[in-house]
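Asks: Just passing along the structure, written as structure tokens.
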Amino acid sequence: MKILVIASGGGHTGYARAVAQYLPFKADFAVPKGDKWSIEVLSEYASRIFEVTKARGPKDGLGALLRNSLKSISESLSLEKYDVVIATGSNHSLFVALTTKLKGSRVFAIESQDRIVTKGKAVSLLSRFSEKVFVHWEEQRSLYRNSYVTGPIVEKPRYSPRDSGYVLVTAGTMGFPRLFKEVSKTKGFDFVVQTGQVEPSTVTASKVFSFDPDMERIIANASIVVTHQGKTAMESVVMYRKPTVIVYNADWTKAATKEDTRLYAKILGATFLDDPSTWKGGELTKALSNPMEPKQYGPGTGKLVDFILR
């Protein structure tokens, strides 16, 4: 069987690597052109890796969209027919999935873990020609007529969980200045903060860093994990059973909504906090002083792989 996994960068590539870890053979991957990180983390699981232009970046205008779309279509058309194609979301997946579908491939899509009442724009489009849309939670089943609930799509844990006493605060690539400001003035906790593109010197904590290639180890050793809406919260709870606080980032206007995020936290057994701009004082201290017990879930990645292989 020939399988192509469209690893569209960031958390989408995380889904791709999770699927790859459960496959009994190496697959082919399509990654965004120039995405060296995706190539690096997928190389050990890949038979071949193809680079395909992403139609639209976060800051691209209409002109760039048109130019990049033409490149993406041309590069996608050069790909062969596969038995199965798995699209992990993002506009990068669209042309690759559509062109391989037209060649006779079975196409599947993965919805984000934090889309509970709203659909991701790219996955909504993908759903129209996908055999199934894989979703993580029973609460997501009603999003699509062709939903298939797998359970949480996560990687195989590389570490045993430990409690080293620190609170990990992580907010992905872009960072979360309003949250970091609250962390800097919160006393009584040993904070380890990953700032992303925010300058580390602006944050006061026991340890501050921009990026670490082994964030999984830092999650595995944390006492509590504080993060925003996104994939890290699911990994913290499902893979390492960590008490988790999800702080809604209102700047993410194209991501999951506040209601999505609140329900996502409830599903995980995580504490939900609104955007720090709404805080009156003491919200973070209260959440960390009385952490919720995370719910227990087994990984659903194996179920996804079993479905596509049958």
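None of the figures in this text is laboratory data; all of them are computed from the coordinates on show. Keep in mind that this is a model prediction, so the values were computed, not measured. Here the Cβ is made from the backbone with ideal geometry for all residues, glycine too, and neighbour counts use every protein chain on show.
Asks: Tally Lys/Arg at +1 and Asp/Glu at -1 over every other residue whose Cβ is under 9 Å from the Cβ of residue 140; what's the total?
Replies: Net charge in that neighbourhood comes out at -1.
Asks: Within the stretch 64-113, report the GluC sites (Glu not before Pro) that DSSP leaves as loop and that have at most 13 other Cβ atoms within 10 Å.
Replies: 80
Asks: Taking the mean number of other Cβ atoms within 10 Å as a proxy for protection, how do you rank 277-284, 259-266 from highest to lowest?
Replies: Result, highest mean first: 259-266, 277-284.
Asks: Right, something else. With θ taken as phi - 60° and the coefficients 6.51, -1.76 and 1.60, list the Karplus ³J(HN,Hα) couplings across the stretch 26-35 in order, rounded to whole Hz; mark glycine and proline as x.
Replies: Values, residue by residue: 7, 10, 8, 10, 10, 10, x, 4, x, 7 Hz.
Asks: Could you pull out the chymotrypsin sites (Phe, Trp or Tyr not before Pro) across the stretch 1-101 that fall in loop regions by DSSP (anything but H, G, I, E, B) with no more than 14 other Cβ atoms inside 10 Å?
Replies: For chymotrypsin sites (Phe, Trp or Tyr not before Pro) across the stretch 1-101 that sit outside H, G, I, E and B with at most 14 neighbouring Cβ atoms in 10 Å, the list reads 25.
Asks: Let me ask you something else. For Rg/Rh (Cα atoms, Kirkwood Rh), several values are listed as [x] 0.95; [y] 0.97; [z] 1.03; flag the one computed from this structure.
Replies: Read-out from the structure maps to [y].
Asks: Below 8 Å, C-alpha to C-alpha, sequence gap of six or more: please give me the relative contact order for the chain in percent.
Replies: Reported relative contact order: 15 percent.
Asks: Pull out a ≥ b ≥ c, the square roots of the eigenvalues of the alpha-carbon gyration tensor of the stretch 167-289, then state rounded if a/c is under 1.5, prolate if not and a/b is larger than b/c, and oblate in the remaining case.
Replies: Because its axes are fairly even, with a/c under 1.5, the stretch 167-289 counts as rounded.
Asks: Ok, one more. Which order do the peptides 165-175, 220-230, 205-215, 248-258 come out in when sorted by mean C-beta neighbours inside 10 angstrom, highest first?
Replies: Highest-to-lowest ranking by the protection proxy: 220-230, 165-175, 248-258, 205-215.
Asks: On to the next question. Given an 8 Å cut-off on Cα distances and at least 6 residues of separation, report the relative contact order of the stretch 3-149 as a percent.
Replies: This gives 19 percent for the stretch 3-149.
Asks: Now for a separate question. May I ask for the net charge around residue 130, where only other residues with Cβ less than 14 Å from the Cβ of residue 130 are counted and Lys, Arg are +1 while Asp, Glu are -1?
Replies: +4
Asks: What list do you get for 110, 39 if you sort them by fewest beta carbons within 10 Å?
Replies: Exposure proxy ranking, most exposed first: 39, 110.
Asks: Hey, another quick one. Report the net charge of residues surrounding residue 13, where surrounding means a beta-carbon distance below 12 angstrom and charges are Lys +1, Arg +1, Asp -1, Glu -1.
Replies: 0
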